[in-house]
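Beneath this line is the structure, given in structure tokens, with notes to follow.
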Ligand code: B12
Ligand code: SF4
């Protein structure tokens with residue numbers, strides 16, 4: 001039974017308590033705690049996943065003694081077997097938490113300054129200085145789980161260690177569920193240690209991508225490690241019906257929006273609502289964690305199967321959140337054409353002119369005509385461009401540059417994703433390939449290093465070939481730093497140089513992403529403002545609203561800021577501003593005159609702040625559900 005931990009456990013728990021204050025528990029010879037490396041009877045030898053962790057790096061946080069503890073019962077879940085139920089069932093008091101911050105700094109728990117909790121600054125617009133788009137996203141997996149259990153629960157998002165400790169001691173939690181991805185494994189380890197220390201009665205469940213680490217059970221002190229989809233698991237664990245229909249929480253897609261030193265006010269209906277129709281992706285690209293984690297090639301877990309389900313959900317969000325745009329968190333939304341077309345038919349029947357922000361592979365996009373995409377309301381697309389010479393089926397025979405041009409001409413903003421360091425890359429062709437990627441002129445461009453991440457087919461393949469580099473710290477394996485494997489032609493040091501150059505070059509050639517979005521939005525407006533379908537016209541009218549009011553001020557400030565450093569881009573920004581002023585007349589001109597200089601001043605101030613090393617952190621968020629009558 002889960003709650004009854006065996007005797008050996010209490011010994012190791014005691015040991016944990018001791019080493020909470022211990023600074024001498026590390027085995028200096030092996031550089032990482034031997035108890036983690038291999039336990040008696042184990043067949044898996046854990047690679048040096050936390051290898052850089054020496055006593056000097058990490059004083060006082062070793063969670064186990066070097067005197068290897070007796071082996072624990074295997075906490076790893078066999079996904080085929082139903083989870084054991086908690087004895088208190090739905091009466092169990094549940095704390096769900098993400099890993100603790102602060103995030104955007106280098107520390108002993110695996111936080112990294114280059115790895116902030118911000119999508120764009122982290123991996124898309126990071127070279128764009130004050131023009132980088134900054135915002136946060138909640139931990140949607142945890143929100144989904146909380147919404148779908150009826151036990152009294154608390155969701156703690158972005159806690160500090162202090163906030164986590166406070167919460168642990170404030171209520172007697174029976175279950176603590178920790179969500180994490182691989183880079184944050186050391187935080188999970190610390191949080192498990194804290195739970196044992198501060199809330200010893202709690203059962204610890206760890207889920208999310210961190211569960212893909214081979215031998216994780218030896219790295220952390222958890223009772224259950226859950227791989228794959230977590231809602232069904234938690235429901236079963238709490239004695240609820242795992243097959244009950246999924247309830248979707250209200251999720252604001254992003255918050256804390258900031259650009260050019262300006263923090264946008266948060267108003268209901270202005271930000272898209274996130275909708276999560278499924279997890280995983282059946283295409284199964286070899287490097288893809290998301291696909292691998294939810295079953296790999298040919299598999300995914302679908303929450304909302306039909307267009308009708310999605311339509312109903314969106315109507316609900318329209319009512320509860322005043323939403324009219326939706327960020328669809330489905331790795332390959334357009335792949336399921338019947339579902340998308342059913343949704344379109346319902347939107348047409350009920351006169352909905354919603355905007356969609358979606359992920360899609362190129363082969364999936366090509367299943368639709370441009371008119372269908374426009375009718376559907378596809379307004380923003382994240383698309384994997386990977387490389388013109390890659391062998392991914394989803395790109396076979398595609399003229400991605402032509403496709404990108406065509407989509408942008410129709411007002412569809414693009415986030416292109418390119419991989420740096422594929423097998424065929426060499427120091428000679430790498431720059432050419434990056435230039436080719438940049439020529440797509442997508443509104444945003446994400447560059448990622450080819451990275452074998454634990455759990456993926458690529459990781460298995462590289463391990464088999466003996467090409468995984470030793471001594472890598474998991475906190476640095478995320479594709480935005482350096483190679484973690486032996487590349488045939490490119491060195492680890494050069495991988496970072498190429499990656500950094502790609503971001504810088506994209507910014508230099510294409511300018512700030514904000515400028516590019518405004519340009520694409522304007523193109524869409526010009527093409528569709530007189531479309532015969534009033535639904536389509538209404539969507540473009542809605543999307544263009546900011547062009548009329550504030551865009552000219554933004555562009556004016558941008559144009560002036562870039563005049564010295566990048567005259568070519570500044571001239572393009574200027575031309576767009578003039579076109580917009582011509583189109584929208586005096587209102588746009590007045591906005592520019594009044595707000596332009598203020599924005600320029602704010603941009604310069606932001607640059608000074610950034611050069612002083614200012615970073616942004618999400619606030620601690622705490623949400624409670626079902627506590628009325630909790631025992
Ligand atoms: C939103 C997002 C973010 C947000 C983070 C939001 C947050 N609050 O944490 C931002 C943009 C900031 C972000 C940043 C990063 N991210 Co990110 N991110 C995503 C994204 C796009 C969506 C996550 C999501 O909500 N999915 C939908 C929910 C429903 O699924 P889920 O989270 O997996 O949860 C399910 C299960 O995993 C499980 N589960 C999850 N938690 C728990 C807990 C318990 C107790 C249980 C039982 C089950 C369980 O149940 C859930 C429901 O089924 C995913 C890709 C993807 N499609 O999932 C990448 C992804 C998670 N990110 C990833 C990475 C690498 C990063 C970065 C390191 C980026 C980088 N530098 O390259 C940084 C790390 C930042 C940091 N300091 O921690 C990888 C993780 C890879 C891995 N194997 O660990 C992913 C999978 C993308 C990818 N394909 O590579 N990310
Ligand atoms: S198409 Fe995208 S989401 Fe799907 S497996 Fe490939 S990389 Fe992953």
Normalised contact order of the chain, rounded percent, pairs of Cα under 8 Å and 6 or more residues apart: 15
Between the range 185-260 and the range 425-447, the Cα center-to-center distance that results, in Å: 37
Estimated distance in nm for a label pair at residue 370 and residue 91, the labels positioned 7 Å out from Cα along Cα-to-Cβ: 6.4
On Cα atoms only, tilt of 427-438 relative to the major axis of the chain in degrees: 60
Between 0 and 90°, nearest 10: helix 185-198 axis offset from the chain longest Cα axis: 50
Full-stretch length increase - residue 578, residue 250 - with 0.36 nm per residue and alpha-carbon distance subtracted: 114.1 nm
Neighbour-count ranking [beta-carbon atoms within 10 angstrom, fewest first] of 306, 98, 391, 253: 391, 306, 253, 98
Calculated FRET value between residue 171 and residue 428, using beta carbons and R₀ = 56 Å, to 0.05: 0.40
Cα-projected label distance for residue 526 with residue 491, points at 7 Å along beta-carbon direction, nm: 4.8
Modelled FRET efficiency - R0 30 Å, residue 594 with residue 322, Cβ distances, 0.05 increments: 0.60
Neighbour-count ranking [beta-carbon atoms within 10 angstrom, fewest first] of 176, 301: 301, 176
Sites residue 469 and residue 601 - FRET efficiency at Förster radius 60 Å, r taken between beta-carbons, to 0.05: 0.80
Exposure proxy ranking, count of Cβ atoms within 10 Å, fewest first, for 288, 281: 288, 281
Packing-based ranking, highest mean first, of 558-567, 373-382 given that Cβ atoms within 10 Å are counted: 373-382, 558-567
Contour minus Cα-Cα distance for residue 391 and residue 622 (0.36 nm per residue): 78.7 nm
Difference of contour (0.36 nm per residue) and Cα-Cα distance, residue 586 to residue 568: 3.8 nm
Helix 534-543 vs. the chain, principal-axis angle (Cα, 0 to 90°, nearest 10): 70
Spin-label proximity, residue 435 to the range 499-513 - amide N less than 16 Å from point 7 Å beyond Cα toward beta carbon: 501-510
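No value in this document is a laboratory result; all are computed from the given coordinates. Predicted model, so just to flag it, every value in this text is computed and none were measured. Reconstructed Cβ throughout: ideal geometry from the backbone, glycine too, with neighbour counts over all protein chains shown.
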